[in-house]
Amino acid sequence: GESVGLHLPTLSVQEGDNSIINCAYSNSASDYFIWYKQESGKGPQFIIDIRSNMDKRQGQRVTVLLNKTVKHLSLQIAATQPGDSAVYFCAEKSRVGSNYKLTFGKGTLLTVNP
Amino acid sequence: GAGVSQSPSNKVTEKGKDVELRCDPISGHTALYWYRQRLGQGLEFLIYFQGNSAPDKSGLPSDRFSAERTGESVSTLTIQRTQQEDSAVYLCASSARTSAYTQYFGPGTRLTVL
């Protein structure tokens with residue numbers, strides 16, 4: 001799985017399978033998390049977010065799970081399609097002084113095989 | 001509607017030259033962010049503007065990097081005396097005050113320093 005500080009991991013799945021992308025975050029005070037999808041040559045696109053008072057949130061074909069005990073976040077993609085091939089980043093909202101910023105992980109490359 | 005736009009899309013320059021990268025945020029978005037993304041890597045935060053507040057420059061890697069933003073409009077990232085290690089994709093994102101942590105990204109500017 002992904003964590004800030006690790007090299008870009010990869011995940012290869014067959015079309016139609018479910019995909020699970022993992023992310024470990026470091027700041028236990030983080031209260032908001034986002035998953036982004038970045039296709040080749042494009043900027044990241046927002047997929048889904050979750051606040052720390054939730055354990056699970058579902059979108060269209062995607063589900064984000066948050067385990068605050070072990071500081072772990074996952075993105076589940078149901079019935080993965082070739083168009084899902086991209087780099088997926090998790091981001092956590094953290095406080096820096098009087099400001100807040102998003103800190104991004106290094107991403108996971110998802111490859112969907114037809 | 002119009003998203004975040006960036007120009008140029010590609011920039012090739014010689015070592016030692018100055019470059020300016022432009023970002024047009026989504027209209028009405030008060031916050032604007034610059035990130036750097038090296039090949040195969042995650043997003044590295046550079047600078048953050050929020051309305052008329054003093055910008056958060058904590059991510060700028062050296063004094064060769066600077067950015068400006070006039071009000072809640074266009075921003076320019078300037079890199080002086082470019083070095084080969086500055087080669088990367090520079091991404092701009094903006095967010096609305098009401099959803100400050102959902103950032104919408106532009107397509108990026110790919111900078112190559114020869």
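Laid out as a table, the results:
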item	result
Dipole-positive endmost among A:75, A:94, A:59 within the stretch A:2-113 (Cβ charges, Cα centre)	A:94
Convex hull volume of the stretch B:46-97 per residue (C-alpha atoms, cubic angstrom)	84 Å³
Per-selection Kirkwood Rh - the stretch A:2-113 (Cα, Å, 1 d.p.)	14.1 Å
Probe 1.4 Å, accessible area per residue of the stretch A:2-113, Å²	49 Å²
Hull shadow area, averaged, the protein assembly as shown [alpha-carbon convex hull, nm²]	12.6 nm²
Counting DSSP beta bridges with both ends in the stretch A:2-113, the antiparallel % (nearest 5)	85 percent
Burial ranking of peptide ranges A:105-112, B:5-12, B:37-44, A:51-58 (average Cβ count within 10 Å, highest at the top)	A:105-112, B:37-44, B:5-12, A:51-58
Summed buried accessible area for A+B [probe radius 1.4 Å, Å², rounded to 100]	1600 Å²
Neighbouring partner chain Cβ atoms per residue of A:17-28, average, 10 Å criterion	0
Per-residue ³J(HN,Hα) for the stretch B:69-86, Karplus 6.51 cos²θ - 1.76 cosθ + 1.60, θ = phi - 60°, Hz, x for Gly and Pro	8, 9, x, 10, 10, 4, 10, 10, 9, 10, 10, 8, 6, 4, 10, 4, 6, 7
Averaged over A:101-107, number of beta-carbon atoms from partner chains that fall within 10 Å	6
Fraction of accessible area attributable to carbon and sulfur, chain A (%, probe 1.4 Å)	47 percent
Mean accessible surface per residue for the stretch B:19-58, computed with a 1.4 Å probe while every protein chain stays in place, in Å²	43 Å²
For chain B, convex hull of alpha carbons as volume per residue, Å³	95 Å³
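The values are calculated or read from the model by the stated rules, or taken from the named source; none is laboratory data. Computed from a predicted model, the values in this text were never measured in an experiment. No Cβ is skipped: glycine too gets one built from the backbone with ideal geometry, and neighbour counts run over all protein chains shown. To get the accessible areas, we keep the full protein, side chains included, count just its heavy atoms, and leave off ligands, DNA and RNA. Shrake-Rupley method; radii C 1.70, N 1.55, O 1.52, S 1.80 Å.
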